[in-house]
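Just below is one structure, and these are the notes that go with it.
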Amino acid sequence: MARILAGPATTGEPAGTEAGLLTGATIADAITPRFTSLPPHGDPVRMRARGVQTIGSGLQVAIGLGLWNLGNYAFFLLAGRVLGPADYGLVAAILSGVLVIQTPFTSLQTALARVVSAVPSAEGAALYRTALRRALRWTPAGAALAAAAVVLAGVVRDGVPVGPLLAAILVLLPVAVFPLALGQLQGERRFGRYALSMASFGLPRPLMLLPLLALGLGVYAALLGTAATTVLAGVVAVLFTADRLREAVPGPPQAHHARAMATSLAPLVAGVTAVAVMSNLDVIAAKLALDPVEAGLFASAAVVAKAVFLVPQAITIVLLPRVAQRHAAGGATAELLAVSLGATLLIGAACSLIALAFAEPIMTLTFGDEFADSAAILPELTAAMTLIGASLTLLYHQVALGSYRVAWLLAGTAGVLAVGLALVHGSPEAIVAVDATVAAGALIAHDLIGAGSGDTILAGLRALLRRARP
């Protein structure tokens, strides 16, 4: 839930939540250079400067993600306190569904960033302009079709929340524009502008919510406030790329650049959609299977638990170009995976222990006394979300290598999770158990399908141990 309306996982994401500024990305970048040999004619001073620059980029991204999530958390806490558990459960379920729809579009960011980072600036700008024009042309048409489908569903079946669903469609208006602008900024490594764009995707959200709540709009205040924030973020990100939109480059982008972007989209869509499903399907299942108050309690615990997603989100943004660069130079990347995954799991474990010790005060201080009972599942849900967040690191490590086997693995894992929740959903504890079991299985399956490739978690751990020995 905390990754609702995330940017990238993205890749966006995402996806998303708070942690300290020393994120998994900065830890990985700070540690791994010690295990990396200099090239034959490497300049140690230049290499150290490059490492400092990478750490600085990680910090910028982490700050942007932190501000984004600060706004998101303030939004959800305000909404929970004003709406109460039942209406909050409806808002949480609708926005979880929005995220599942939105997440495939974050693949545009990664696909564009990969091409932009590898081609001359003018050629990357030409590709970006073409993609942005198409997004502006087709997104409104898609929104109109979605609105017609919602209205038809309301006519055919009683009980469909037509009004809230129509408001949710407005949230999706910048669904392609925002990730394309982020992809241009990421590909050019303009992480300062990237961070500000991400911050604008969440920080204004409670400010948009407050006046609408004051008007007594209830559920609509949460949905329309979110829509206003996403549109604002899309405008900000496009303005940050305005210099690339103004460049005078004759003709369309080179065809092979467009093909390079297009060929990676299908597996990326499969992978990031799978992670979105894995991290949000439990909230939807709770809304469908549990009573309204219990579903609202589950959703509130999910918002807090999914704070651990900040670590893998920061890693995926900074790790991808680093892994791709080392792989292109013929270097091993398994140790980067091990360090990044280790940081994700260790920080997640620490958050789970904190939740175990302080679950009730955390929930009552954030959401209020009405949500105190949600403390019962907070530690277990935090641990389960740590395991799901780790799958994001696995996905983007493979994407950086130009391999997509993990994307299809996660697509299958999401299907297994859906079946598991369809069969086992009788209580909040049962839903959390399904989350944790399926996510742990994905980590094990990653090494099984990658056996012999040298890109497994165990291979990375062995490499780190060898290099650490005197």
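The values are calculated or read from the model by the stated rules, or taken from the named source; none is laboratory data. A quick note: this is a predicted structure, and the numbers were derived from the prediction, not measured. With ideal geometry, Cβ positions are generated from the backbone for all residues, glycine too; neighbour counts draw on all protein chains shown.
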* Structure fact -> Ala332 vs (1) in a helix (DSSP H, G or I); (2) surrounded by fewer than 19 Cβ atoms within 10 Å (Cβ to Cβ); (3) at pLDDT 75 or above: all pass except (1)
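Among the residues of the range 289-310, write down those that are aliphatic (A, V, I, L, M) and more than 10 Å from Gly89 (Cα to Cα).
Ala289, Leu290, Ala301, Ala302, Val303, Val304, Ala305, Ala307, Val308, Leu310
Can you go through Leu423, Leu464, Leu401 and tell me which one is farther than 21 Å from Phe309 by Cβ and surrounded by fewer than 17 Cβ atoms within 10 Å (Cβ to Cβ)?
Going through Leu423, Leu464, Leu401 in turn, just one is farther than 21 Å from Phe309 by Cβ and surrounded by fewer than 17 Cβ atoms within 10 Å (Cβ to Cβ): Leu423.
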* Residue that is farthest from Met385 (Cα to Cα), among those in the range 402-433 that are of a type outside the set (A, V, I, L, M) and part of a helix (DSSP H, G or I) -> Arg405
* Matching residues in the range 382-420 - criterion: being in contact with a Leu (Cβ under 7 Å, 6 or more places away or on another chain), within 26 Å of Met261 (Cβ to Cβ) and not aliphatic (A, V, I, L, M) -> Ser391, Thr393, Tyr396, His397
* List the number of the failed condition for Ala248; all other conditions in (1) within 21 Å of the chain's Cα centre (by Cα); (2) modelled with pLDDT under 85; (3) surrounded by fewer than 18 Cβ atoms within 10 Å (Cβ to Cβ) hold. => (1)
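Considering each of Pro211, Pro174, Pro204 in turn, give the residue that is at negative phi and within 17 Å of the chain's Cα centre (by Cα).
Pro174
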* Asked: Would you say Ala122 is surrounded by 12 or more Cβ atoms within 10 Å (Cβ to Cβ) and modelled with pLDDT under 85?
  -> yes
* Asked: So how many residues does the range 434-461 have that are in contact (Cβ under 8 Å) with a residue 12 or more places away in the chain and part of a helix (DSSP H, G or I)?
  -> 17
